[in-house]
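Values quoted throughout were computed directly from the atomic coordinates according to the rules given, and no laboratory measurement underlies them. Source: prediction; values computed, not measured. Quick reminder, even Gly has a Cβ in these numbers, built from the backbone with ideal geometry, and neighbours come from all protein chains shown.
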Amino acid sequence: MRELNFPKGFLWGASTSAHQTEGDNRHSDWWAFEQAARVGECSGAACDSWNRWPADLDMAAELGLNTYRISIEWARIEPEPGRYDADALAHYVDVVHGIRARGMQCMVVLWHFTNPVWLGSGPGTWHDDDAPQAFERYARYVCGPLAPCVDWWATLNETNTYSSHGWLKGDWPPGRRHDWLGGFRVYEYLARAHRRAYAAIKEVAGPDTRVGLTHVMPWAHPAHKRGMCSGPMQAYWRWLAAHHFLDKVADRIDWLGVQYYYDSPCRALRLVDHDGSTPPRTDMGWRIAPEGLYHVVRDAHVRYGVPIIVTENGLADAGDAQRERFLLDHLAWLHKAIADGADVRGYLHWSMLDNYEWAEGFGPRFGLAHVDYSTFERTLRPSSGALGAIARANAVAAGAGMDLTYADGTGSLGPRE
Ligand code: BGC
């Protein structure tokens, strides 16, 4: 059996976010949105990770992972404008120490979709000149005490997902629909927030501190082989869904977190969910298309030229029937991207544990660990062992059935030795 070896020092980890796991995040715009019954299920105590974080970290370390990603909840740190909560900050200092004490590298994201409810001129809106400054002040406040234990800083997570759910679909705060202008404008404020926080972190933690952000990257491809969505259409979708925002901050990132879940067949200007093939689908109906990870990593590498970490990739799979195969196939394609020259430093799976999947509630189960929401007991799923073994070996055993042929039939390299 051939082995796909990953570069020395490769990061193997799992990602989480504050609102999705901690519970009781009552000063945030998401909490208010939930209480106003704008979503089917409230986050409530979530996974109770605010109290049970040592158990989460223990699981990751025992699996053999060497990296753990958390996010800091701005609404806890600054529950009212200008009033900072030292106890909340002390809590996060404990967590980042806990990550390091277990021998893992620590990745901290400053903003993962949730805002203090007071931000901006309406609930959760960034459309206010003061918002980027407020974000910078928050970044400055947390950065000094956390910095000694943080290896990778990310300012913002998936501004593209935030803009589309918050301003186009309306199923996330601030709940606006079909507001294209608002959705584009929020990028301006978020880009300013990133630039300010980037400079602030460097100033406080030192010029060598690695500051980046995390972004979901689409793999748009023609729904039909001879379809209209060839070069220009792909470029259009990449621009709309990813480059448009990233280009605004590209001169202020030391690394880029690439996140990938499914492919996006497109027909002319429309994204369609089918292309005539019948790929396996996750519990949420998302198409499983491992090849896309290769393309989005290549795209990020070619366009931005900074070190890349895959900071999210995973699936809702309550029965754990598909997760191991999903992992192996995505990692094989990631390996191929590295072999073809992309500077990829790590792979972090989404997620360490089942959690609150935003408007979808607690139904989808993305965890390497199952969470019993009545007792908060965590139980590692069998597939977590596969990731642990890969992490320990820093290699994937490329087994039979691993198909590394491009969907259009060209350029197949096969797994490399
Ligand atoms: C987000 C996570 C989310 C995951 C799965 C990403 O868009 O960063 O918060 O749970 O995808 O939907």
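Things worth noting here:
- The alpha carbon centroids of segment 124-164 and segment 258-294 are separated by 30 Å.
- Prolate/oblate/rounded label for segment 237-291 (Cα gyration tensor, a/c 1.5): oblate
- Here TYR347, TYR189 are placed in order of increasing Cβ neighbour count within 10 Å, fewest first, which gives TYR189, TYR347.
- In order along segment 106-111, the phi-based Karplus estimate (6.51 cos²θ - 1.76 cosθ + 1.60, θ = phi - 60°) of 3J(HN,Hα) comes to 10, 10, 10, 9, 7, 8 Hz; Gly and Pro are listed as x.
- Footprinting exposure proxy ranking of LYS202, LYS225, fewest other C-beta atoms within 10 angstrom first, gives LYS225, LYS202.
- Only the Cβ atoms of Lys and Arg (+1) and of Asp and Glu (-1) were treated as charged; on that basis the dipole of segment 1-156 about its Cα centre amounts to roughly 520 debye.
- Arranged from fewest to most other beta-carbon atoms within 10 Å of their beta carbon, HIS244, HIS349, HIS224, HIS112 become HIS224, HIS244, HIS112, HIS349.
- Cα gyration tensor shape for segment 296-337, rounded if a/c is under 1.5, else prolate or oblate: prolate
- Efficiency of FRET between ARG2 and ASP340 - r from beta-carbon atoms, R0 22 angstrom, step 0.05: 0.80
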